[in-house]
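What follows is one structure encoded as structure tokens, with my remarks underneath.
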Amino acid sequence: HISDWTPFYEAPHAAWNESLTAVRDDVARNHERLGVRAFNTHLLPQQLPLGGGAKVVLVVRNGRDVAASFYEHLRHQDEASGGIGVDASWQHFFEAFVRGAQPYGAWHAHVAA
């Protein structure tokens, strides 16, 4: 799976060891095979500990596609961790999405970053 090679930076269980001081051994082995350390993230560049040689590849999706995908994702995510519940209306979600009142903030802020 792609997350075995480029895990989500902000997901402790996906990338980091129990003490959160280094990447898990299997992730480190895959990074060695790739020849680079690579991560996925939803964070803004200024939220990352980018060092001297760090490079960022930004992949941008169409905003309409992002909204539809994020709506479905949040509908099926546990409400205690930011989900909106399976009965959440598209209209309610979309209004919050446009305002940037969803997890990770406004899509247009990410694109502008």
Query raised in the report: Roughly how many Å² is the accessible area per residue of the chain, as a whole number, for a 1.4 Å probe?
Result: 70 Å²
Query raised in the report: Which of the listed residues, Ala67, Val98, His108, is farthest toward the dipole's positive end in the stretch 58-113, when Lys, Arg count +1 and Asp, Glu count -1 at the beta-carbon?
Result: His108
Query - Exposure rank, largest accessible area first [His42, His110, His76, His13; 1.4 Å] - result: His13, His76, His42, His110
Query raised in the report: What residues from the stretch 51-80 fall in the zone where the backbone N is under 17 Å from a label point 7 Å along the Cα-to-C-beta line of Asp87?
Result: 75-80
**Report entry** For the chain, built as a Gaussian network whose Cα springs stay under 10 Å, the top-fluctuating residue of Gly52, Gly83, Gly63
**Finding:** Gly52
Query raised in the report: Assuming a viscosity of 1.567 mPa s and a temperature of 4 °C, what translational diffusion coefficient in µm² per second does Stokes-Einstein assign to the stretch 35-79, Rh being the Kirkwood radius over Cα pairs?
Result: 98 µm²/s
Query raised in the report: Protein chains only, probe 1.4 Å: how do Asp4, Asp78, Asp87 rank by accessible area, largest first?
Result: Asp87, Asp78, Asp4
Query raised in the report: Cα-based Rg of the stretch 34-113 per 2.2 N^0.38 Å, rounded to two decimals?
Result: 1.27
**Report entry** Loop trypsin sites (Lys or Arg not before Pro), the stretch 49-95 (other Cβ atoms within 10 Å of the site Cβ: 15 or fewer; DSSP)
**Finding:** Lys55, Arg61
Query raised in the report: Placing +1 at every Lys and Arg Cβ and -1 at every Asp and Glu Cβ, with all other atoms neutral, what dipole size does the chain have around its Cα centre, in debye to the nearest 20?
Result: 460 debye
Report task. Among Val57, Ala28, Ala88, pick out the residue whose Cα is farthest towards the positive end of the charge dipole of the stretch 12-113, where Lys and Arg carry +1 and Asp and Glu carry -1 on C-beta, about the Cα centre. Result -> Val57
Query raised in the report: Which order do Tyr9, Tyr71 take when ranked by solvent-accessible area (1.4 Å probe, heavy atoms of all protein chains), largest first?
Result: Tyr9, Tyr71
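The values are calculated or read from the model by the stated rules, or taken from the named source; none is laboratory data. Please read all numbers here as calculations on a predicted model, not as lab measurements. Cβ: placed from backbone, ideal geometry, glycine included. Neighbour counts: every protein chain shown. Quick note on the areas: whole protein, heavy atoms, side chains included, nothing else; ligands and nucleic acids left out. Shrake-Rupley method; radii C 1.70, N 1.55, O 1.52, S 1.80 Å.
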